[in-house]
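The values are calculated or read from the model by the stated rules, or taken from the named source; none is laboratory data. Predicted, not measured: the structure shown is a model, and the values here were computed from it. Glycine also receives a Cβ, built like all others from the backbone with ideal geometry; neighbour counts cover every protein chain displayed.
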Amino acid sequence: MEEKVDVREKINEGYLKVILIIEVLGRPAEHVTDALKKILAVMKSDKNLIILEKKAYKPKRAKNARDLFTSFMEIEALAKGMRGLYDICLDYMPSSIEIIEPSELRMNLHQANSVVNEFVGRLHKHNEVSNKLASENQILRAKLQEAFRGRVIIENEGLKTEFGKKEDSVPGEHEAGNAGHKAQEEKSADAGAEKNVHKGGEEQEKQEK
């Protein structure tokens, strides 16, 4: 046991004996192991939790996930009542939780209201964080669209950018080009006319002679 405590006495005080499963997914395998150790260290200092026993499992390569490893830790602990258990669920997000003792739970109206309101308050805080991240994500998408001058398509497999938009031409570029071609054509026409006039004059002189 992590601490020498009288489990029965704590349960009589209102504590709940529970089993928590904490899972971590990541890479490399050493990072997964270190992450579980850090989580356990935080849980040991949690005022709502008394660690009784723990068992960590070696990381294994995750299924259908390239270069990712997964591991989990099984923790037997005492949670400080239902309110403490709610906090544990929100703080550590266990993949599984089981209440072992007591077999019956009793709660008066004041305790029930306190637990429910605390739980709702925590949910609102999580919702605020989620909305903030969603807003920042929208701003980032808009900036990407402006930066790349393309269309940003969000698909299930990820983010794709299409560079189908042509660069705008320099103002007056096409007009200047057209004017140059027109001037060249007029110059060629004038030169041809002068040549014809000169040739006609020579033929007239020959006839007079």
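Can you say whether Lys160 is modelled with pLDDT of 90 or more and among the basic types (Lys, Arg), as far as the supplied structure shows?
Considered against the rule, which asks whether it is modelled with pLDDT of 90 or more and among the basic types (Lys, Arg), Lys160 comes out as no.
How many residues does region 57-74 contain that are buried (at least 16 other Cβ atoms within 10 Å of the Cβ) and not in a strand (DSSP E or B)?
Narrowing region 57-74 to residues buried (at least 16 other Cβ atoms within 10 Å of the Cβ): 59, 62, 68-73.
Cutting the leftovers down to not in a strand (DSSP E or B) gives us 59, 62, 68.
So the count comes out to 3.
What's the total number of residues in region 26-56 that are over 24 Å from Leu16 (Cβ atoms), assigned to a loop (DSSP other than H, G, I, E, B) and either β-branched (Val, Ile, Thr) or out of contact with any Leu (no Cβ under 7 Å at 6 or more places or on another chain) (or both)?
1
Would you mind stating whether Lys10 is surrounded by fewer than 16 Cβ atoms within 10 Å (Cβ to Cβ) and either within 34 Å of the chain's Cα centre (by Cα) or farther than 22 Å from Phe119 by Cα (or both)?
no
Against the definition (assigned by TED's automatic domain parsing to the domain that holds Ile19, in a helix (DSSP H, G or I), in contact with a helix residue (DSSP H, G or I) (Cβ under 9 Å, 6 or more places away or on another chain) and farther than 24 Å from Arg8 by Cβ), how does Asp87 come out, yes or no? Write out each step before concluding.
Values: assigned by TED's automatic domain parsing to the domain that holds Ile19: yes; in a helix (DSSP H, G or I): yes; in contact with a helix residue (DSSP H, G or I) (Cβ under 9 Å, 6 or more places away or on another chain): yes; farther than 24 Å from Arg8 by Cβ: no.
No: the conditions fail for Asp87.
Inspect region 25-47 for any residue being within 22 Å of Ser103 (Cβ to Cβ) and touching a residue at least 24 places away in the same chain (Cβ under 8 Å) and give the result as yes or no.
no
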